[in-house]
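The structure appears right after this line, and notes come after that.
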Amino acid sequence: MSYRIGIGYDIHKLVKGRKLMLGGILVPFDKGLLAHSDGDVVIHAICDALLGASGLGDIGVHFPDSDKKYKDISSLELLKETVKKVKASGNKIINIDTVIIADKPRLASYRKEMVDKLQQALKINNGAVNIKAATNEGVSPVGLRAISSYAVALLER
Ligand code: MG
């Protein structure tokens, strides 16, 4: 038995006229994240952590933003595809931990809904996914003009 760890990071810019999708759920806000897909930085960071731990490169290799097929796609679909690739390479997900950095909107009250949604997509048990909602205390454009996310994933094979 061996264990592998992976890290993921993503950031997207907040803009008017987009829905804010984070952790697989719609968060009410007057801006959303600008991206080729739905811009869900939490899921993109998780996908990169999973692909990294599996030695499978990164999200851009598997789901290129030059491909029209992924235009405005729900990132939950990308996550489900990523899980298939992780499992096909002989790995089992042990746990995933994430941080979301957003000064606005405040996300703490959405954490449980995000965790439920992600665990469903990942097909893993209660307690195996954790989300932390952090701010940058207003001292950085990250959290104000953009939302970023970090994730780590532990796999076993
Ligand atoms: Mg992204």
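Any read-out appearing in this document is the output of simple, stated calculations on the displayed coordinates, not a laboratory observation. Because the structure is a prediction, the values reported are computed rather than measured. Cβ atoms come from the backbone with ideal geometry, glycine included; neighbour counts cover every protein chain shown.
For Lys85, the conditions (1) in contact with a strand residue (DSSP E or B) (Cβ under 7 Å, 6 or more places away or on another chain); (2) farther than 27 Å from Pro28 by Cα; (3) surrounded by 15 or more Cβ atoms within 10 Å (Cβ to Cβ); (4) of a type outside the set (A, V, I, L, M) all hold with the exception of (1).
Taken over region 8-28, the criterion of being within 14 Å of the ligand (Cβ to nearest atom), within 16 Å of Ile43 (Cβ to Cβ) and among the charged types (D, E, K, R) is satisfied by Asp10, Arg18.
Here's the yes/no breakdown for (1) surrounded by 14 or more Cβ atoms within 10 Å (Cβ to Cβ); (2) of a type in the set (S, T, N, Q); (3) within 16 Å of Leu50 (Cα to Cα):
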position: Arg106; (1), (2), (3): no, no, no
position: Ala134; (1), (2), (3): yes, no, no
position: Val142; (1), (2), (3): yes, no, no
position: Leu155; (1), (2), (3): yes, no, yes
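Taken together, Ser37, Ser75, Ser89 contain a single residue that is of a type in the set (Ser, Thr, Tyr) and under 11 Å from the mean Cα position of the chain (by Cα), which is Ser75. The one condition from (1) part of a helix (DSSP H, G or I); (2) more than 12 Å from Leu122 (Cβ to Cβ); (3) touching a residue at least 60 places away in the same chain (Cβ under 8 Å) that Pro28 does not meet is (1).
Right, Lys84: charged (D, E, K, R) and either over 17 Å from Gly6 (Cα atoms) or within 15 Å of the chain's Cα centre (by Cα) (or both) or not? Judged against the criteria, Lys84 is not a match.
Whenever a residue of region 129-157 is within 20 Å of Gly24 (Cα to Cα), its partners that are assigned to a loop (DSSP other than H, G, I, E, B) and polar (S, T, N, Q), lying with C-beta atoms within less than 9 angstrom and at least six residues away or across chains, give the pairs Gly143/Thr135; Gly143/Asn136; Ser148/Asn136. In a residue-by-residue description of region 34-41, the property of being within 16 Å of the ligand (Cβ to nearest atom), among the acidic types (Asp, Glu), assigned to a loop (DSSP other than H, G, I, E, B) and surrounded by 19 or more Cβ atoms within 10 Å (Cβ to Cβ) applies to at least one position.
Against the test of being in contact (Cβ under 8 Å) with a residue 60 or more places away in the chain, within 16 Å of the ligand (Cβ to nearest atom) and crowded, with 19+ Cβ neighbours inside 10 Å, the options Ile46, Ile59, Ile93 yield a single qualifying residue, Ile46.
For every residue, the table says whether it meets (1) among the small types (Gly, Ala, Ser); (2) farther than 25 Å from Glu113 by Cβ.
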| residue | (1), (2) |
| --- | --- |
| Ile5 | no, yes |
| Ser75 | yes, no |
| Leu78 | no, no |
| Asn95 | no, no |
